[in-house]
1. Inside 10 Å of the C-beta atoms of C:280-288, what's the mean count of C-beta atoms belonging to other chains?
2. In percent, what relative contact order does segment A:82-133 have, based on Cα pairs under 8 Å that are 6 or more apart in sequence?
3. Can you work out the base-10 log of I(q)/I(0) for the protein assembly as shown at q = 0.08 1/Å, using the Debye formula on its C-alpha atoms alone?
4. Which parts of segment A:42-84 would a label at A:Thr221 reach, counting a residue when its backbone N lies under 14 Å from a point 7 Å out along Cα-to-Cβ?
5. What FRET efficiency comes out for A:Asp112 versus A:Lys173 if R0 is 22 angstrom and r is the Cβ-Cβ distance? Round to the nearest 0.05.
6. Mind listing the label-point distances from C:Gly171 to the same position on all other copies, shortest first, one decimal in nm, points 7 Å along Cα→Cβ?
7. Between D:Val124 and D:Glu228, what length in nm is gained on full extension when 0.36 nm per residue of separation is reduced by their alpha carbon distance?
8. How high is the relative contact order of chain D, in percent, with contacts defined as C-alpha pairs under 8 Å that are six or more residues apart?
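No lab work stands behind these numbers, since they all come straight from the coordinates. The shown structure was predicted, so the numbers you read here are calculated from the model rather than taken from an experiment. Ideal geometry is used to build each Cβ from the backbone, glycine not excepted, and the neighbour counts take in all protein chains shown.
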4 protein chains.
Amino acid sequence: MHHHFVPTCYHRTLGPYEPVLRIRSGDTISTTTVDAGGGNHRGVAVTPRGNPQTGPFHVEGAEPGDTLVVQLDQIRPNRGSGWARSVVAPSVVDPTYVKQLPDPPLAEWAIDQAAQTATLVSPVSSLGRLTIPLEPMLGCFGVAPFRQQAISTATSGEHGGNMDYRGFVAGTKVYFPVFEPGALFFLGDGHAAQGDGEIVGTGIEISMDVTVTLSVLKGKTIVWPRGENAEFIFTVGNARPLDQCLQHATTEMLRWLEQDYGLDSVGANLLLSQCVRYDLGNMFDPAYTMVCKLAKRFLPHR
Amino acid sequence: MHHHFVPTCYHRTLGPYEPVLRIRSGDTISTTTVDAGGGNHRGVAVTPRGNPQTGPFHVEGAEPGDTLVVQLDQIRPNRGSGWARSVVAPSVVDPTYVKQLPDPPLAEWAIDQAAQTATLVSPVSSLGRLTIPLEPMLGCFGVAPFRQQAISTATSGEHGGNMDYRGFVAGTKVYFPVFEPGALFFLGDGHAAQGDGEIVGTGIEISMDVTVTLSVLKGKTIVWPRGENAEFIFTVGNARPLDQCLQHATTEMLRWLEQDYGLDSVGANLLLSQCVRYDLGNMFDPAYTMVCKLAKRFLPHR
Amino acid sequence: MHHHFVPTCYHRTLGPYEPVLRIRSGDTISTTTVDAGGGNHRGVAVTPRGNPQTGPFHVEGAEPGDTLVVQLDQIRPNRGSGWARSVVAPSVVDPTYVKQLPDPPLAEWAIDQAAQTATLVSPVSSLGRLTIPLEPMLGCFGVAPFRQQAISTATSGEHGGNMDYRGFVAGTKVYFPVFEPGALFFLGDGHAAQGDGEIVGTGIEISMDVTVTLSVLKGKTIVWPRGENAEFIFTVGNARPLDQCLQHATTEMLRWLEQDYGLDSVGANLLLSQCVRYDLGNMFDPAYTMVCKLAKRFLPHR
Amino acid sequence: MHHHFVPTCYHRTLGPYEPVLRIRSGDTISTTTVDAGGGNHRGVAVTPRGNPQTGPFHVEGAEPGDTLVVQLDQIRPNRGSGWARSVVAPSVVDPTYVKQLPDPPLAEWAIDQAAQTATLVSPVSSLGRLTIPLEPMLGCFGVAPFRQQAISTATSGEHGGNMDYRGFVAGTKVYFPVFEPGALFFLGDGHAAQGDGEIVGTGIEISMDVTVTLSVLKGKTIVWPRGENAEFIFTVGNARPLDQCLQHATTEMLRWLEQDYGLDSVGANLLLSQCVRYDLGNMFDPAYTMVCKLAKRFLPHR
């Protein structure tokens, strides 16, 4: 079934809240997300800033210990302008260099849906009007956390959250561990484009039209978020420092290979040894994000 | 001038040692490197293990404060078999998972120069005979460090060293700060292929035929290694944890953009904001490595 | 006013929950805490494991932006036996050493209130019956977090939580930022004694009789928990890695010195320069803890 | 035998250099050290800045795999004034706070040997003339590193070096692994007093009269520096981040307890569990330092 959902309220924590919609496993939802500052498709702030989330959506039959599959069907900016921070965060340069960072105002980027580009409009600098390709993605999405926690959308964890990974584009399938009945899926914080690491603390922040298909893998238990696209399977580690993100993601990949791809422990290690790839999600939020990837062409046939 | 140099001794520290050859800026050297274990093109150990280096090469005119340019012209395995570790390091998985890591013997990979592939020969596992593309690279190379230090080839720093970055392939140009007269360039630790992070502690270790062209940028001072290939310019940060690698590399990229690309500070920050990319070198050695990249197509015209 | 409160339910997250008792600023509460496993003064598990908290207590007049003062009047084990883990966590030894860690059962420690000692009863080892002094402390206590989050008692943050600092003994005054009306104070996770770092993941876990006096500093805003005892003032940073804990705590100390002790920025820095001391809270939980201390005798007279 | 050695040259790297004096195991040396800036007992710079070291001293019979014992007999400032940095390093505060750090000139501290105090003379600030106790210590000392490296006195490692631990005072015994024949012992970087973490990047830097007694433990192999004083045995971990320092130090302590105190693995873990203490050396240098301590009164009788 395909639901069209118009949000009227938003959450800035992922927690065990009252669902805004109950759907069945396999259903599709088309909805909208406001930008990180609470701005809607007209650029009007309709809710307080801080990655406000649409949802939560309750998927019938999802129970703790299951896995929620989120197919990102469509992520499309629904207005003509996005905003971003203009200067890299003090935490991503040498501490001795921080005093040399400038203090420019927020940037405005014009979005051209026809050309599929974003063009820097302001502030004015020696860079001029830089034009880059659109790569629409979701910065923050996930499920209600374990132990009935309610966790800020500024950060991330086993439940997903603010991961800011450039790979979360349309066409990607993402897996989350289920901690609450119904899984309680949230989404928001769309970026028209983003640099690796989200090192300025934002992508090009914009409201989105989003379509997702949610389904449940009964009895399938995972520890960290997983995903796949046409080319790769991947796992996501959210923590600090980056070293620990990589540890979580690598461990989850070993588990995946052994559980689902028929590999023994030695085989899984050998496969990773020369084929593993890593991507950086964000190195800005309270918890950073790194992604462990493996090309599907190297996987054993299931 | 094109030199053909046959090494007869090797160094396991990068330091202010007597040059094995003196060349002029712009000269080309064709030479060989032994593998990380000291094995030559016949697989015979001719020197103790530990990333033994060919060199150092003295480039006339290079003085502290200059930059050495290393054009990687050719990196070609010169034997039919490489070796690798088979299991990910305890430091790249969750500490609680370490006890589940297996303890397999070293792996052997057969190298097929015609097909440009490496095929896993042993140990036997559920993975079978995995075949992957050759991507020959140098794991450890660089110059004599500052303050007349002599630093182990197990680690890395401003002077380069054991960075284990998959991007150090033929066709890449690498820049090092010069700390000693003549720069004193070393090279070794060739990998027929390698996973990101060198998470097992090795790539496919093999001896190489290498050709490099060395030249000096007089009066050009850099802090961390830099590089470029057809598509990207990049900077290299070597430290621990990964967070600090990223800080070093990002700071160096900002310096580069402002010094050489005519950008003011705001422009450099805006350019990085949505266009920066990061790669992981190794997360195994005493100092880890991360690379900050920027696509050349987004750079202002110089 | 002195309240005697008998808890009947417990929380394993610190969040904006219904108060169990409303008191006035300056009131004293005598109550009990169960041990980390939910065991009461008879050693009977009365609630699920995971640092269950007594509370929350609502302090009238406390509003976001104020500071809650917690005077730890008394912390006294209320039974004759505590339990602990027996082996250091894999995360506090070299990753290459993890496989050498033994796998002993939980330890039992006999508590002698008269002698003020704890004696190791089991497991049997070459160490024999080690006897150490009692140093009763609270491992986990704090207030409801910002943004109406509900955060697991396994971890810590600006709101306090599971800090496992040996300095949280009777006679200590602790300051927390207030994020919710009434502050909503929780307490639990008593330790009869504990090593620095809580490196086995527990102290000697035991139920406690606790007396605290809670009061509100209206209009006083702090960022991280602060405290003082007869000898020191101190600030608490909760994060990962330890480096970041130290950064938070040091920054908070500079703020404190400048705001409340009449020091200019140079004076505050000079005072810290040769007089600062640091203690380790835990290096076990998702967020670690470090404490920045300054001896009161070096403070300017207020 | 008691040697009186007057240095005429200094080293800014610890490496396999020509000894300035050869002594026998058990001999005592009285000598002097210049301050971190190269200043002698008259405050005259006699060698370039950067923790210049007196030595190396060759101890006959010391071979790789042995342990060098350094008894710190006396460490006494030999002039009336020391200098220090006045502001905490950007790396020890929150990155977002760095821009608020002031930029004062170096501090001068007057040393009063009779009163055993140091008094802040300048810069002038709201703090006034702070007087603190003298606690003379060595910031940087150690032996020639493994693999014939030459490592800057700005940093530290298994060989010791720039550890900046307040516990390295007279009366302390320190153990170093021997990597080179004769051990090659260096010393320098005296501090009249120092805060934990050396968070401004210096203690009160001053030249010293130092007396040490050096002896060799044949066939005794250790991995990281160890030490002891009247109350504690301790181990030293030098690395980044602090987490890794603690891992090294804890692992070394477990090894020590099992090798020399007759404890089995379970006993060593149980002993650490509730009795371990940690101190912070520096969190300023390229490698940080943490110390793992155990009170002697809890040790089994050897």
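1. Partner Cβ neighbours, averaged per residue: 3.
2. Numbers: 67 pairs, mean separation 15.4, N = 52.
In percent, rounded to a whole number, it is 30.
3. -0.94
4. Residues passing the 14 Å test: A:63-67.
5. 0.20
6. C:Gly171 label point versus its equivalents elsewhere: 2.3, 6.7, 7.1 nm.
7. Gain on extension, D:Val124 to D:Glu228, equals 33.5 nm.
8. Normalised by residue count, the contact order of chain D is 24 percent.
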